[in-house]
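Data first, discussion second: the structure below is written as structure tokens.
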Amino acid sequence: MNEIAQDLNREIIQGNSHVYELLSELGKKLYFPKGILTQSTEAKQKAHRFNATIGIATEQDRPMFLPLIQETLASYDPKDLYPYAPPAGKPELRQLWREKMIIDNPSLKGKSFSNPIVTNALTHGLSIVADLFMDENDLLISPDKLWGNYNFIFGVRRGAKTITFPFYTEKGTFNTTGMKEALLSKKDHGKAIVLLNFPNNPTGYTPNEQDANEIADALREVAQQGMNLAVIIDDAYFGLFYENSIKESLFARIANIHPRILAIKVDGATKEDYVWGFRVGFITYACEHPAVLNALEKKTLGIIRGTISSASHPSQTFVLNALQSPDFQTQKQEKFEVLRKRACKVKQILDQGKYLDAWDYYPFNSGYFMCLKLKGVQAEVLRNHLLDQYGVGIISLGESDVRVAFSCVEEQELEELFDLIYQGFKDLSDG
């Protein structure tokens, strides 16, 4: 094993041996090499005459660029667009995102957590966590209403053994008891990755205050019984909380609650700030020991260096400039209100009672989506029928559930959408 990796492992063991036990075999081997990037960083600081280290081209002390490209980006300085971004991301963006996290999650004040590391959006952040902490047949504990790509990221790529539990209780709240029972049933394994996504894709549900407290208490109880937990909080849709839910990330409640629990926040500007194609995400670790956080950052940078090298510099610049704008919060609130009104309109439509013979809907209060539970018609059959006969697209999930994205349908058109889904259902059920 590389000496740098061994040094990082020693730092983690000395700070918190439980975090070391959570690492995968790959995670234990990872380190950030003292190669070209390290030497280039040193040269940037000290090479005042000639810096002949990094693989970019320059002219007149500026990055070389094509004028036809720069014409479309005239308001940006070339140095903020064309050079490679640091593997961890633009320092000023990382710092600003950290400050934003504390503003959005006041419970984080006084807690120990890393500077966010820039990823190529959330999928990349999740895959980093999988590489760091998941060996073949390690456990992934998740509710049964989950984003399908999790299986590919953790299962296909890393060989996870996925254990699911019912998302909802009979009362329509988050099933914390099911999560705890799933974990304790595998206590002998010694470690698990817990994956929680709120607002949830596909259901659009976020826990209320009681749910959130129970989740944190349950995780702590499992840790007290000797199980090491890497708890991933997938905050892809963070901030889109419309009614009757917590307004902070669960990361704030779980950070530092037990030495055996490593809280990991994966988030990004992607959906929070309506810049899906920019692919700017972040990964943040919470641990009381700064040396552990430093080692985890170095290992994370090792993965980034060995996969994408660094995330897009222009995208980071665009997001940074948006966050610094005095108009940012006002414009973001305007878009939030559009989505909130759509969510409320969906509930109003569904609560009229005219679709009761066709489906029930799962509780939702946030995010982009909601789910219908069909009565007597298969989800995939309905999906295909709606496409072929009505030009309507929805997502089928299993035998009876379909996901509807109200995020991409105008408020005044939502009732027509559900009427068409209902008509498709009647075609199949009557036929």
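Springs join every pair of Cα atoms under 10 Å in this Gaussian network model of the chain, and among LEU387, LEU420, LEU196 the largest mean-square fluctuation is at LEU387. Per-residue extension of 0.36 nm, minus the Cα-Cα distance of ASP351 and CYS408, leaves a gain of 18.4 nm for this segment. Shape index of the range 329-430: Rg/Rh, with Rg the Cα radius of gyration and Rh the Kirkwood radius from the inverse mean 1/r over Cα pairs, equals 0.99.
Structural descriptor for the range 329-430: relative contact order 29 percent, calculated from alpha carbon pairs under 8 angstrom and at least 6 residues apart. The alpha-carbon of LYS145 sits under 14 angstrom from the alpha-carbons of these aspartates and glutamates, leaving out residues fewer than 8 places away in its chain: ASP234, GLU399, ASP401. Only helices enter the 222 nm calculation for the chain: every DSSP H run of n ≥ 4 contributes -39,500 (n - 2.57), and dividing by all residues gives -13000 deg cm²/dmol, rounded to 500.
Rounded to the nearest 20, the Cβ-based charge dipole of the range 329-430 about its Cα centre (Lys and Arg +1, Asp and Glu -1) stands at 460 debye. For the range 269-334, the ratio of Cα radius of gyration to the globular rule of thumb 2.2 N^0.38 Å stands at 1.38.
Each semi-axis of the equivalent ellipsoid for the range 75-132 is √(5λ) with λ an eigenvalue of the Cα gyration tensor; in descending order they amount to 24, 18, 9 Å. In this structure, the amide hydrogen of VAL231, modeled 1.01 Å from its nitrogen in the peptide plane, lies closer than 5 angstrom to those of VAL194, LEU262, ALA263, ILE264, counting only residues at least 5 positions away or on a different chain.
Just report the Cα centroid separation between the range 305-382 and the range 257-300, whole Å. If we compute the Cα centre of each part, the gap is 22 Å.
Applying 0.36 nm per residue to the separation of VAL338 and ASP430 and subtracting their alpha-carbon distance, the gain on full extension is 29.5 nm. Since only ALA236, GLY204, ILE349 are under comparison, the one whose Cα sits farthest along the positive direction of the charge dipole of the chain, derived from C-beta charges on Lys, Arg, Asp and Glu, is ALA236. More than 23 angstrom separation, counting every C-alpha pair in the range 241-358; what % is that? So the portion of pairs separated by more than 23 Å is 54 percent.
Footprinting exposure proxy ranking of ASP188, ASP217, fewest other C-beta atoms within 10 angstrom first, gives ASP188, ASP217. Ordered from longest to shortest, the equivalent ellipsoid semi-axes for the range 138-236 are 19, 18, 11 Å, each the square root of 5 times a Cα gyration tensor eigenvalue. Close amide H contacts of SER249 (hydrogens built in the peptide plane, cut-off under 5 Å, sequence separation of 5 or more or a different chain): none are found. Semi-axis lengths, largest first, of the ellipsoid equivalent to the chain are 39, 29, 19 Å, with √(5λ) applied to each eigenvalue of the Cα gyration tensor.
Scalar couplings 3J(HN,Hα) for the range 413-429, obtained by applying the Karplus form with A = 6.51, B = -1.76, C = 1.60 to θ = phi - 60°, are 9, 5, 5, 4, 4, 5, 4, 5, 4, 5, 4, x, 4, 5, 3, 6, 6 Hz; x denotes Gly and Pro. Between LYS247 and GLN60, the FRET efficiency from the beta-carbon distance, with R0 = 45 Å, is close to 0.35. Pairs exceeding a 25 Å alpha-carbon distance, out of LYS247/LYS335; LYS109/LYS161; LYS90/LYS191: LYS109/LYS161; LYS90/LYS191. Between LYS171 and PHE328, residue separation times 0.36 nm minus the direct Cα-Cα distance comes to 52.7 nm.
Values quoted throughout were computed directly from the atomic coordinates according to the rules given, and no laboratory measurement underlies them. The structure presented is a predicted model; accordingly, all values stated were derived computationally and were not measured. Counting neighbours? That spans all protein chains shown, and the Cβs are built from the backbone with ideal geometry, glycine included.
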